[in-house]
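Okay, structure first, notes after.
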Amino acid sequence: MILVTGGAGFIGANFVLDWLAQSDEPVVNLDKLTYAGNLETLASLANNPKHVFVQGDIGDSALVDRLLAEHQPRAVLNFAAESHVDRSIHGPEDFVQTNVLGTFRLLESVRGYWGALPAEQKTAFRLLHVSTDEVYGSLSASDPAFTEENKYEPNSPYSASKAASDHLVRAWHHTYGLPVLTTNCSNNYGPFHFPEKLIPLMIVNAMAGKPLPVYGDGMQVRDWLYVKDHCSAIRRVLEAGRLGETYNVGGWNEKPNIEIVHTVCALLDQLRPRADGRSYKEQISFVTDRPGHDRRYAIDARKLERELGWKPAETFDSGIRKTVEWYLDNAAWVRNVQSGAYRDWVKKQYEAA
Ligand code: NAD
Ligand code: DAU
């Protein structure tokens, strides 16, 4: 049994779906179901006894203590977080609450549970904390990619709250010996991505005939990884990562934002041409830049490749095509997110059961 937190969000849900497709080991999925949590993403697991969904907060110590005692997981994987940089700029408090205080409370619950385990289970136990490359700050065009040795220089409320959570995880290992692993990944994309983030927003707006808002000059660089490759990296780190270590995860796919938007438009031009025969690029609109916008991220994932033999399966070309096709094939999922109907899935699929 493993306990996954945030498993109704974009990456957590992809992880749970992949895990249960490959393994017989059950998953307890603890998710608060904020606006970003979507049980419709997990609809295919509604009758799967190996998936136990619990709506709740990682900061609810009584609940987490109870779940740990009841299910006796051999590992806890912490995906739960507030994840959107723009939201963190407009309302940072939720980010401190969940990413900092929530992680702290989760660590304390896990420490209590782990400390009382019999010797063999105690040795085997792992807490894997899922984090981001944004903790390292921003690179100039000539800087080498981030390695695990880069110092932390978080610039947004989001990245500062994630950096704080990483430090807490590190300290719980150093001080209490908690067996932890941390992964710092670059920008993910793929199925079930909430359409507030760049790639799904561009696909969804393009199809709706709306403007495609590109911040500033569009020359900010992000390093893109298909979400299933992030999931395989997490599985590998859980399996064989060295205790207390951090592992950068990335696929060597640096792209300026404007190139991403052009690629999405070109794929849509091919797969679902506009009725007027013109390109979706005509919908691009340059808008005011994000305050404090980091210029460039790039991940050096050689430690993970060298030590654990991990490699991504998708190239950017194959991953972005799959992603655009997924959004075209799953218009109902997008519609339910946009209308808010996805929230009814809790009642329909789980509370009724
Ligand atoms: P997301 O916003 O799509 O999902 C977050 C999930 O956590 C949601 O289901 C939400 O309901 C849940 N949640 C929020 N607060 C909670 C709380 N207090 N208790 C329990 N559940 C709570 O985020 P995502 O993009 O899937 O990111 C998952 C993790 O991966 C985050 O920790 C994020 O920092 C990290 N990460 C994301 C990316 C990326 O590109 N999306 C890249 C690197 C790392
Ligand atoms: O690097 C990993 C991080 O990637 C994760 O830790 C975060 O959780 C995740 O949200 C993501 O953060 P970004 O800020 O990089 O992602 P976002 O999709 O919000 O933006 C990607 C880039 O596109 C960024 O430079 C801002 C720009 N952008 C974004 C949106 C939503 C636009 O130009 N227009 C937009 O409308």
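Of SER83, SER61, all but one fail to be within 16 Å of ligand 2 (Cβ to nearest atom) and touching a residue at least 12 places away in the same chain (Cβ under 8 Å); the exception is SER83. For segment 63-80: of the residues being more than 14 Å from ligand 1 (Cβ to nearest atom) and among the small types (Gly, Ala, Ser), which is nearest to ILE11 (Cα to Cα)? Applying the filter and picking the extreme gives ALA75. Sub-9 Å Cβ pairs linking a first residue in segment 198-218 that is at positive phi to a second residue that is modelled with pLDDT of 95 or more and within 7 Å of ligand 2 (Cβ to nearest atom), at least 6 apart or interchain, are GLY216/ASN257; GLY216/ARG290; GLY216/HIS293; GLY218/ASN257, ordered by first then second residue. Note on segment 276-285: among residues that are within 18 Å of GLU259 (Cα to Cα) and surrounded by fewer than 14 Cβ atoms within 10 Å (Cβ to Cβ), the one that is nearest to ligand 1 (Cβ to nearest atom) is SER285.
Of all residues in segment 252-300, those satisfying the criterion of being of a type outside the set (Gly, Ala, Ser), free of Cβ contacts under 8 Å to residues at least 24 places away in the same chain and part of a helix (DSSP H, G or I) are GLU259, HIS262, ASP269, GLN270, LYS281, GLU282. Could you tell me whether segment 118-131 includes any residue that is within 18 Å of MET1 (Cβ to Cβ), within 16 Å of ligand 1 (Cβ to nearest atom) and not polar (S, T, N, Q)? Within segment 118-131, one or more residues are within 18 Å of MET1 (Cβ to Cβ), within 16 Å of ligand 1 (Cβ to nearest atom) and not polar (S, T, N, Q). Within segment 23-58, the set of residues being in a loop (DSSP other than H, G, I, E, B), modelled with pLDDT of 95 or more and among the small types (Gly, Ala, Ser) comprises SER23, ALA36, GLY37, GLY56. One residue alone among VAL64, VAL28, VAL96, VAL4 is aliphatic (A, V, I, L, M) and under 13 Å from the mean Cα position of the chain (by Cα), and that residue is VAL4. Screening segment 5-22 for residues that are within 14 Å of ligand 2 (Cβ to nearest atom) and part of a loop (DSSP other than H, G, I, E, B) and picking the one that is surrounded by the most Cβ atoms within 10 Å (Cβ to Cβ) gives GLY6. Mind checking which residues of segment 294-312 are closer than 30 Å to TYR215 by Cα and surrounded by fewer than 16 Cβ atoms within 10 Å (Cβ to Cβ)? Selection gives ARG295 alone. In this structure, does SER88 turn out to be touching an Asp or Glu at 6+ places or on another chain (Cβ under 6 Å) and touching a residue at least 40 places away in the same chain (Cβ under 8 Å)? It is false that SER88 is touching an Asp or Glu at 6+ places or on another chain (Cβ under 6 Å) and touching a residue at least 40 places away in the same chain (Cβ under 8 Å). Condition check: surrounded by 20 or more Cβ atoms within 10 Å (Cβ to Cβ), touching a residue at least 24 places away in the same chain (Cβ under 8 Å) and farther than 20 Å from VAL237 by Cα. Does HIS129 satisfy that? Answer is no for this residue.
Flag not set for GLU325, criterion: surrounded by fewer than 16 Cβ atoms within 10 Å (Cβ to Cβ), under 19 Å from PRO211 (Cα atoms) and among the charged types (D, E, K, R).
Taking every residue in segment 178-195 that is more than 11 Å from ligand 1 (Cβ to nearest atom) and modelled with pLDDT of 95 or more and pairing it with any residue that is in a loop (DSSP other than H, G, I, E, B) and acidic (Asp, Glu), at least 6 positions away or on another chain, the pairs with Cβ-Cβ distances below 7 Å are LEU181/GLU245. Counting only helices (runs of 4 or more DSSP H) that fall entirely inside segment 147-251 and contain at least 1 residues that are of a type outside the set (Phe, Trp, Tyr), in contact with a Cys (Cβ under 7 Å, 6 or more places away or on another chain) and more than 9 Å from ligand 2 (Cβ to nearest atom), the qualifying elements are 198-207, 227-240.
Take VAL96 and tell me if it is away from ligand 2 (no atom under 15 Å from the Cβ) and β-branched (Val, Ile, Thr). Criteria met by VAL96.
The values are calculated or read from the model by the stated rules, or taken from the named source; none is laboratory data. Keep in mind that this is a model prediction, so the values were computed, not measured. Glycine gets a Cβ as well: all are built from the backbone with ideal geometry, and neighbour counts include every protein chain shown.
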